[in-house]
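Just so you know, all these numbers are worked out from the coordinates, no wet-lab data involved. Being a predicted model, the structure only gives us computed values, none of them experimental. FYI the Cβ positions are ideal-geometry reconstructions off the backbone, even for glycines, and counts take in every protein chain you see.
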Amino acid sequence: MKKPTTRFRDLDATQLLQFAEEICHKIGEHRTLFVTPTPDLSTLSAATAVFRDAVTEAAFRDRRAISFRNDQRKELETVISDLAKYVDIVARGNETIILSAGFQPTKDRRPGSRFNPKAEKLEAAPRGLGTSQVRVKVAPWEKARYYQFEYRKKEAGAEWNRLLSSRSVAYIGNLDPFQEYEFRVTYLGKDTTPNYSDVVATYAL
């Protein structure tokens, strides 16, 4: 059965704002389908506006502003997640209704399909003091053609940087010392659609 997806971990701040605005526009446009959205659209609009302002303030790298931005991102994600549950109840697996609300429906994953499994057991650890490198390792998958490792500063709100590797272990260098970074990885087989691991974090040294 189709369900609305959120995929917050794939979205940077700009993309999340666009996603929220699209949902607000689409649900408002199809009020005959979505009669009583929960939370209501005014709650979504308010959370979107606060997060947009917080992103602007955090651009100056003030730690308090960055912390506030992160809090407001979580708040906006919560509102969108609650709306996704509402849309799921209304849609009852109908792909057209899910799309009408501004969400993307889940993909069918049949046994024996070519979809990549979720990458598992991701580990990240600093290589050593003064190296500015982090060693990342994931459980190998025999059908993987590449391992796509991605990383970003935890508090920077920047887009993910990518590193393709033919091995399940990689070294990511040229990082800023004593800064915390987030890491994720996806297997890439015959299918090139990402299916990311859980995000892990560590410090570069």
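Before moving on, here are some points about what is shown:
- Only residues that are exposed (fewer than 14 other Cβ atoms within 10 Å of the Cβ) and either basic (Lys, Arg) or closer than 30 Å to PHE60 by Cβ (or both) were counted across segment 162-179, and they come to 7.
- All told, PRO105 falls short of being closer than 30 Å to TYR151 by Cβ, out of contact with any helix residue (DSSP H, G or I) (no Cβ under 8 Å at 6 or more places or on another chain) and of a type outside the set (Ser, Thr, Tyr).
- Test for THR43: is it in a helix (DSSP H, G or I), of a type in the set (Val, Ile, Thr), within 15 Å of ALA20 (Cβ to Cβ) and free of Cβ contacts under 8 Å to residues at least 60 places away in the same chain: yes
- Whenever a residue of segment 1-24 is under 20 Å from TYR151 (Cα atoms), its partners that are hydrophobic (A, V, I, L, M, F, W, C) and in a helix (DSSP H, G or I), lying with C-beta atoms within less than 6 angstrom and at least six residues away or across chains, give the pairs ALA13/VAL55.
- Of the criteria (1) surrounded by fewer than 15 Cβ atoms within 10 Å (Cβ to Cβ); (2) in contact with a helix residue (DSSP H, G or I) (Cβ under 9 Å, 6 or more places away or on another chain), which one ILE97 fails: (1)
- Some residue of segment 17-26 being loosely packed, with under 15 Cβ neighbours inside 10 Å and closer than 17 Å to GLU159 by Cβ: yes
- Members of segment 1-37 that are outside any helix (DSSP H, G or I) and under 29 Å from ASN195 (Cα atoms): MET1, LYS2, LYS3, PRO4, THR5, THR6, ARG7, LEU11, ASP12
- Qualifying positions in segment 146-161 - farther than 28 Å from ALA59 by Cβ and basic (Lys, Arg): none
- When restricted to residues that are among the charged types (D, E, K, R), part of a loop (DSSP other than H, G, I, E, B) and within 11 Å of LEU122 (Cβ to Cβ), segment 183-205 contains 1.
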